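Each remark here refers to the structure printed beneath this line.
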Amino acid sequence: MLHLFEMLFSEERNVLRRIRWFMKDSLLPEAACHPAIFRMIDEMFRSVLLETDGASEVLAAIQIFTWCFVEALERENKQLKFALRTYFPYASPSLVMALLQYPKDTPQALWLQSLQHVSELLREIVEDPHGSYGGPFENWFLFIHFGGWADIAAEQLVMSEAEPPEALLWLLAFNSSPHDGSQQRAQTMVEVKAVLSRLVKLLSSPILSASEVQAAAQERSDEVPRQPACGQLIRHLLLNFLLWAPGGRLIAQEVITLMAQTDAITHEVISFLDLTLCRWDHLSVEAPESRKLARELLTALRGQGQPRRGGCHAGTGLPSRETEERASSCGHRAARGPL
């Protein structure tokens, strides 16, 4: 695990691919098939996540570890040697089962249905006044293990001209900032819906304009100022739009230049593209044009020189470690489990 964390914060390129190879070549996923070891590894990830204020590298590593762990579990645990609740002892069994039905094993035609089901389960748990399965942070920590669902939700939204389903809007708003209250989350959903509406209108344009695409994602003067997490969520939607929209290739570099005005945002875009390519590889997504564009953008951004790392994932709205530890000591710690 120490070597893994050293890799996470190294300045080397293609670090996520190297982490995936490291995971596959190591015995870590197989060892994690024992519930006690899994919970110990999970606790280490949780600690590093809090120490780094939700660094994107740590979020990505948790996803990659979970991919490899689930594959190892399928190989090692065909007889269901250990019940799933022993790995996630305080989580909702229904939610765990829904999340484990990973997109890789689900036909693409059913992805929207699966996303809506996951969102409905998660929302019911998070908004439960009794907190039967822990608070927002604990359920968010469980969800990010299977964070590919949120990424697919974003892709589904930018690729569809239909009215955005409320369940997907809620899922993205919760994933971007789990500690928001219902009113703030509703405001994020309104802003995201408005941006999606403007982007969909651009799809009918014969030629996409970088300035028009950038303007579609900008705040309006009559809107409530955006929270940082909402801004990051909208940037990710915009990147998905560029990767999937016809004509996106022609303006992608210009839009990203307009978007990435700071080292922190440049690093955020690099992390997003890197994880997107890893996820497409894992899911065997056939999108040659989108893959080619993502690789070109990644190469161009890295060629500008690796930005300074701020060590901050600007979208999760994580509490400080001290705040979270106080909350955990007083409440139900759904994600941690005994060691």
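Bear in mind these aren't lab numbers, they're just calculated from the coordinates by the rules spelled out. No experiment lies behind these values; they were computed from the predicted model shown. Note: ideal-geometry Cβ built from the backbone for every residue, glycine included; neighbour counts use all protein chains shown.
Some points to look at:
- From most to least packed by mean Cβ count within 10 Å, the peptides 276-282, 197-203 give 276-282, 197-203.
- The modelled label-to-label distance between E296 and S182, using points 7 Å beyond Cα along the C-beta direction, is 4.7 nm.
- Cross-link reach list, aspartates and glutamates versus K24, counting only Cα pairs under 16 Å and skipping chain neighbours closer than eight places: E71, E74, E76, D281
- DSSP-assigned coil residues among GluC sites (Glu not before Pro) in segment 259-292, each with at most 10 further Cβ atoms within 10 Å: E286
- Packing-based ranking of 55-64, 118-127, 295-304 yields 55-64, 118-127, 295-304, ordered from highest to lowest mean Cβ neighbour count within 10 Å.
- Per-residue 3J(HN,Hα) values for segment 155-160, derived from phi via the Karplus relation 6.51 cos²θ - 1.76 cosθ + 1.60 with θ = phi - 60°, read 5, 4, 5, 7, 8, 10 Hz in sequence order (x marks Gly and Pro).
- Segment 46-150 shape via C-alpha gyration tensor axes, a/c threshold 1.5: rounded
- Prolate/oblate/rounded call for segment 142-278, Cα gyration tensor, a/c under 1.5 rounded: rounded
- Fully extended contour minus Cα-Cα distance, from E76 to I37, at 0.36 nm per residue: 12.6 nm
- Between R198 and S160, the simple spin-label model (points 7 angstrom out along Cα→Cβ) gives 2.2 nm.
- Remark: segment 243-258, residue by residue, has Karplus-estimated 3J(HN,Hα) of 5, 10, 6, x, x, x, 4, 5, 10, 4, 5, 5, 5, 5, 4, 5 Hz, where x stands for each Gly or Pro and the curve is 6.51 cos²θ - 1.76 cosθ + 1.60 at θ = phi - 60°.
- Listed values for segment 59-69 are Karplus-derived 3J(HN,Hα) couplings in whole Hz (6.51 cos²θ - 1.76 cosθ + 1.60, θ = phi - 60°), namely 4, 5, 5, 4, 4, 5, 4, 5, 4, 5, 5, and x replaces Gly and Pro.
- Distance between modelled label sites at S26 and L258, nm, 7 Å Cα→Cβ extension: 4.2
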